[in-house]
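Trainee: The following block contains the structure, expressed as structure tokens.
Just so it is clear, none of the values below were taken in a lab; they were calculated from the coordinates. The model shown is predicted, which means the values in this text are computed figures rather than measured ones. Cβ coordinates were reconstructed from backbone atoms using ideal geometry, including for glycine residues, and neighbour counts include every protein chain displayed.
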Protein chains: 2
Amino acid sequence: MGKLARKVAMVGAGMCKFGRNFPEKRNPDMWIDAWLDAVDKTDNGIEPKDIDACYVGNYSSDLFNHQGHLGPQMANLVGLTPKPAARFEGACASSGIALRQAVLAIASGVHDVVAVAGVECMTEQPTVNVTDVLATASDSLFEYPAGATFPGLYGTLASAHFKKYGTTAEDLMRVGIKNHENGAENPYAQMQQSIKDLMDSKRAKYEKQGRDIPEWEDEFDFLKSSSNPIIAYPLRLFDCSLITDGAACIFLTAEDVARDFTDEPIWIAGTGQGSAALSLHDRDSLTSFIATREASKQAYEMAGIKPRDVQIAEVHDCFTIAEILAMEDLGFYEKGKAVDAIKEGESKLDGALPINTSGGLKSKGHPVGATGAAQAVEIFKQMRGIAERNRQVKFDVETALTHNLGGSGGTCVVTVYQK
Amino acid sequence: MGKLARKVAMVGAGMCKFGRNFPEKRNPDMWIDAWLDAVDKTDNGIEPKDIDACYVGNYSSDLFNHQGHLGPQMANLVGLTPKPAARFEGACASSGIALRQAVLAIASGVHDVVAVAGVECMTEQPTVNVTDVLATASDSLFEYPAGATFPGLYGTLASAHFKKYGTTAEDLMRVGIKNHENGAENPYAQMQQSIKDLMDSKRAKYEKQGRDIPEWEDEFDFLKSSSNPIIAYPLRLFDCSLITDGAACIFLTAEDVARDFTDEPIWIAGTGQGSAALSLHDRDSLTSFIATREASKQAYEMAGIKPRDVQIAEVHDCFTIAEILAMEDLGFYEKGKAVDAIKEGESKLDGALPINTSGGLKSKGHPVGATGAAQAVEIFKQMRGIAERNRQVKFDVETALTHNLGGSGGTCVVTVYQK
């Protein structure tokens, strides 16, 4: 992999409130919300005339909304017609890919400014089964007909990790508890409640109904109870990310014009992408994602950094086990050692390496095609020092990373950001 | 739009036989056929280790095959794991976009060699209505629920052209007759019969059945008969392209390494892309596509050529009227004048500007996501002088063009090739 022929900067980023937004909002509405939020967060403003192209990340508007061809539709809504507009798909890494392709397009010399969109409206069609749609990102010839939808596939990965490294259900729970704590501080998140808050509201509800109040000692006790049912062993409900409608928007520019929009560009220092066979049975390992290792190797090399240089990261916690796998495969910790770091609180907001300060997919929500762009939005805020409520990390972030995964690790895009 | 930071060459190109290939072949099988054909047509050969990434154009495997996430799947089948792999979508311009993004990725400095795939298997699922799937490339909120599927939308465009320029049904028929003549010379085409051949076989069939033999004077007479029913006025059956399964493969490289693979690189001299509102009711004109005008303007500018410099072109004849619109919007002829040129035979194989020597979408077939890449395959053959049977043009092709359209003109990608 070579170097970028010219540098690329992120000059603005924004998103809509994630949640079950339908029927109030569909893809077009959420995209406009995200666009306006990103324009608002671009220091000197930005207008359609400044923008050369619109790159849309979306997983499956085909199946979720019976609408394909999103590129020109989204471009038209914000006044970019007749400029180039296209859709990019790599399952849950779709807008990570859109962002990467926009970086490459700018570096190529052809475009100076690209608007990157991530959009997904998962709750629009009452007859659409979300698990069925997501399963089309696995192998629909061998895995899906055997009944292996994503909770099952990630349950298999978790079981393998448990067996090889002694990882436990409590280790997974710590990831969820931390991400919900962060999400509670994010006004754009779908679930703005800590697990403790949720436990307390459940107690209050039981009390109001005159039922026996469960004697949960702490969050772990709550998470081991029938209030957190097993979805696919060993994964329980709170090990799974959410079904979400959402959109995000990023403005990228060539270095030559970045200062027109801001005095504080955030540079895309490295971009990497990797792939793997869709089916788990075609892989060498069930405890490590080759796509993540490949993508991060490329991104670190381009940025000229080591994993230890990363100060904060948004990683793809579609399931709690996925955050642990990412922490290891990105080289932050040796295989099997991430759980110790989590136990020590290293990935918390005040830890040595805060991970998913946004709340992650677990608490912020996971509108699949919008997730990669939304990860970049959080990095933008943390590097600018404008993260809402009590979510801003207490140090100056010079180097950050996003890790966006597709399917059960079939695609991975890693991006390194520097000031 | 700027210049490419470095030059990009096409060094190999191939495709599978287009047709109703299911159940013998699905996307994976057709892609492997196309890959092997392209490897075979790369002078010094090419191996997975030489290739940096796999860019897959596909319209809707989601709806056609209940399989998303084609990037890593296709990459894995040809030994490219764990390299970057992604899917690109812009309706029927999907692999035109994949090709363009591959050009930009190489120019960016990040990749040296990219394999571009175009794949679509439209006949796999017996319960899937192809017209319904294609209609999701129109506006699914305003156009589709009103009953406007693509034949209807293009029928509207044809009617507007008839009214404004006096174009006639016979003018449309000349496009189909010419493209079937070319397709009869293409062993990879779905329908390898001229309209005259089809007329004669129909007569023979009637004779065998002891029925009255129709007194068709010529092809026009045949095309005006009930054997060519109206689909959406004024478009008849033979004004519409085919429902097809197919795949194509292109190898693109940076100029630095092109000579490793061939002594005769074909340069991507220009690439352009445009967009329009999805809905016809949001457009300024029904007789011209702004996306085509924008894409070709960019491509000509980058290549430093004028429309008159183009010697052969593959244009997107999803309906016969679309070929006429393309000839005008690409600047080959003034608005309303293309039909005169067609009448003079200028777009025929031995004309001044041969168009769709492959047989076009009309006769070669239109597996939507594979069409853009397959257009490049024909240009590769014509520029190399290796077009099969009696299809090779009689002059040395120095400059050629492909025009790949999405939906009813919502997306357009134009590529200029030079030796």
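Trainee: In whole Hz, what ³J(HN,Hα) sequence does region B:215-228 give by Karplus (6.51, -1.76, 1.60; θ = phi - 60°), x for Gly and Pro?
Mentor: Using θ = phi - 60°, the values come out as 8, 6, 5, 7, 4, 4, 4, 4, 5, 8, 8, 5, 5, 10 Hz.
Trainee: Between B:PHE142 and B:ARG389, 0.36 nm times their residue separation minus their Cα-Cα distance comes to what?
Mentor: On the way: separation 247, 0.36 × 247 = 88.92 nm, distance 4.61 nm.
Computed gain between B:PHE142 and B:ARG389 is 84.3 nm.
Trainee: Which shape class, rounded, prolate or oblate, goes with region B:158-317 when its Cα gyration tensor gives a ≥ b ≥ c as root eigenvalues, a/c under 1.5 marks rounded, and past that a/b bigger than b/c marks prolate? Intermediate results must be reported in sequence, preceding the final value.
Mentor: Working: a/c = 2.78, a/b = 1.51, b/c = 1.84.
It is oblate, given that a/c is not under 1.5 and a/b is not larger than b/c.
Trainee: Show log10 I(q)/I(0) for region A:35-113 at q = 0.16, 0.22 Å⁻¹, two decimals, from a solvent-free Debye sum over equal Cα scatterers.
Mentor: Results for region A:35-113 at q = 0.16, 0.22 Å⁻¹ read -0.64, -1.13.
Trainee: Starting from the Cα of B:LYS25, draw a straight line to each of the aspartates and glutamates and keep only those under 16 Å, dropping any in the same chain fewer than 8 residues away.
Mentor: Of all the aspartates and glutamates, those that pass the test against B:LYS25 - Cα under 16 Å, at least 8 places apart if same chain - are B:ASP33, B:ASP37, B:GLU120, B:GLU124, B:ASP245.
Trainee: Provide B:TRP216, A:TRP31 in ascending order of the number of other Cβ atoms located within 10 Å of each residue's Cβ, fewest first.
Mentor: B:TRP216, A:TRP31
Trainee: Same structure, new question: How long are the semi-axes of the equivalent ellipsoid of chain A, taking √(5λ) for every eigenvalue λ of the Cα gyration tensor, in whole Å from largest down? Could the numbers behind the result be given before it?
Mentor: Values: eigenvalues 205, 107, 97 Å².
Gyration-tensor ellipsoid for chain A: 32, 23, 22 Å.
Trainee: Now for a different question. Please report, in whole Å, how far the alpha carbons of the protein assembly as shown spread along each principal axis, starting with the longest.
Mentor: 92, 56, 47
Trainee: Once you've got the GNM for chain B with C-alpha springs shorter than 10 Å, pick whichever of B:VAL110, B:VAL130, B:VAL315 has the biggest mean-square fluctuation.
Mentor: B:VAL110
Trainee: Next question. How many percent of DSSP beta bridges within the protein assembly as shown run antiparallel, rounded to 5? Kindly include the intermediate steps, with their values, before the conclusion.
Mentor: Details: 79 of 107 bridges.
The answer is about 75 percent antiparallel.
Trainee: Could you work out which residue, out of B:THR131, B:THR167, B:THR371, moves most in a Gaussian network model of chain B, that is, has the largest mean-square fluctuation with Cα springs under 10 Å?
Mentor: B:THR131
Trainee: A further question on this structure: As an exercise, use a Förster radius of 51 Å and the Cβ-Cβ distance of B:GLU255 and B:GLU334 to find the FRET efficiency, rounded to the nearest 0.05.
Mentor: Values: r = 36 Å, r/R0 = 0.71.
In this case the efficiency is close to 0.90.
Trainee: Treat region B:149-226 as a sphere of radius equal to its Kirkwood radius over Cα pairs and apply Stokes-Einstein at 10 °C in a medium of 1.306 mPa s; give the translational diffusion coefficient in µm²/s, rounded to a whole number. Don't skip to the answer; put the middle values down first.
Mentor: Numbers: Rh = 14.4 Å.
The calculation lands on 110 µm²/s.
Trainee: Also: What is the set of long-range amide H partners of A:ARG20 at a cut-off below 5 Å, with H atoms built 1.01 Å from backbone N?
Mentor: A:ASP245
Trainee: Tell me the label-point distance for the pair A:ASP221, B:GLU217, using the 7 Å Cα-to-Cβ offset, in nm and rounded to one decimal.
Mentor: If labels sit at A:ASP221 and B:GLU217, their model points lie 9.6 nm apart.
Trainee: In debye to the nearest 20, how big a dipole does chain A give about its Cα centre with +1 on each Lys and Arg Cβ and -1 on each Asp and Glu Cβ?
Mentor: On the way: 42 positive and 56 negative charges, 42 e Å.
The calculated dipole for chain A is roughly 200 debye.
Trainee: Long-range amide H contacts for A:GLY270: which residues qualify at under 5 Å (H placed 1.01 Å from N, peptide plane, sequence gap of 5 or more or a different chain)?
Mentor: A:VAL416
Trainee: Still on this structure: Which whole-Hz couplings ³J(HN,Hα) result when phi for each residue of region B:189-205 is put into the Karplus expression 6.51 cos²θ - 1.76 cosθ + 1.60, θ = phi - 60°, listed in order with x for Gly and Pro?
Mentor: Once rounded to whole Hz, the list reads 6, 5, 10, 9, 9, 6, 4, 4, 4, 4, 5, 5, 5, 5, 4, 4, 4.
Trainee: Determine ³J(HN,Hα), in whole Hz, for all residues of region A:90-102 in sequence, where each value follows from phi through the Karplus function 6.51 cos²θ - 1.76 cosθ + 1.60 and θ = phi - 60°; x replaces Gly and Pro.
Mentor: Result, ordered by residue: x, 6, 6, 9, 4, 7, x, 5, 4, 4, 4, 5, 5 Hz.
Trainee: Still on this structure, please answer the following. Hey, what number do you get for the protein assembly as shown at 222 nm if only DSSP H runs of n ≥ 4 count, each worth -39500 (n - 2.57), divided across all residues, to the nearest 500?
Mentor: Theoretical 222 nm ellipticity from helices: -10500 deg cm²/dmol.
Trainee: Tell me, Kirkwood radius of region B:117-191 from alpha-carbon pair distances, in Å? Numbers along the way, then the final one.
Mentor: Working: mean 1/r = 0.0653 Å⁻¹.
That comes to 15.3 Å for region B:117-191.
Trainee: What is the ratio of the Cα radius of gyration of region B:71-139 to 2.2 N^0.38 Å, where N is its residue count, to two decimals? Don't jump to the answer; show the numbers that get you there.
Mentor: Numbers: Rg = 14.6 Å, N = 69, 2.2 N^0.38 = 11.0 Å.
Here the answer is 1.33, to two decimals.
Trainee: Still on this structure, I have one more. Mind checking region B:167-256 for GluC sites (Glu not before Pro) that DSSP puts in a loop (not H, G, I, E or B) and that have at most 12 other Cβ atoms within 10 Å? Mind showing how you got there, number by number?
Mentor: Numbers: sites: B:GLU170, B:GLU181, B:GLU185, B:GLU207, B:GLU215, B:GLU217, B:GLU219, B:GLU255; in loops: B:GLU185, B:GLU215, B:GLU217.
Within region B:167-256, the qualifying GluC sites (Glu not before Pro) (loop, at most 12 other Cβ atoms within 10 Å) are B:GLU215, B:GLU217.
Trainee: Hey, another quick one. Taking loop as defined by DSSP and a crowding limit of 13 other beta carbons within 10 Å, which GluC sites (Glu not before Pro) in region A:315-410 fit?
Mentor: Numbers: sites: A:GLU323, A:GLU328, A:GLU334, A:GLU344, A:GLU346, A:GLU378, A:GLU388, A:GLU398; in loops: A:GLU334, A:GLU344, A:GLU346, A:GLU388, A:GLU398.
Sites meeting the loop and neighbour criteria: A:GLU334, A:GLU344, A:GLU388, A:GLU398.
Trainee: Continuing with the same structure: Long-range amide H contacts for A:ALA93: which residues qualify at under 5 Å (H placed 1.01 Å from N, peptide plane, sequence gap of 5 or more or a different chain)?
Mentor: A:GLY406, A:GLY407
Trainee: Of the candidates A:ILE290, A:ILE305, A:ILE379, which one comes out as most mobile in a Gaussian network treatment of chain A with C-alpha springs shorter than 10 Å?
Mentor: A:ILE305
Trainee: Further, regarding this structure: Once the label point is placed 7 Å from Cα along Cβ, list for B:ARG20 the distances to the corresponding points in the other copies, in nm, shortest first.
Mentor: 4.4
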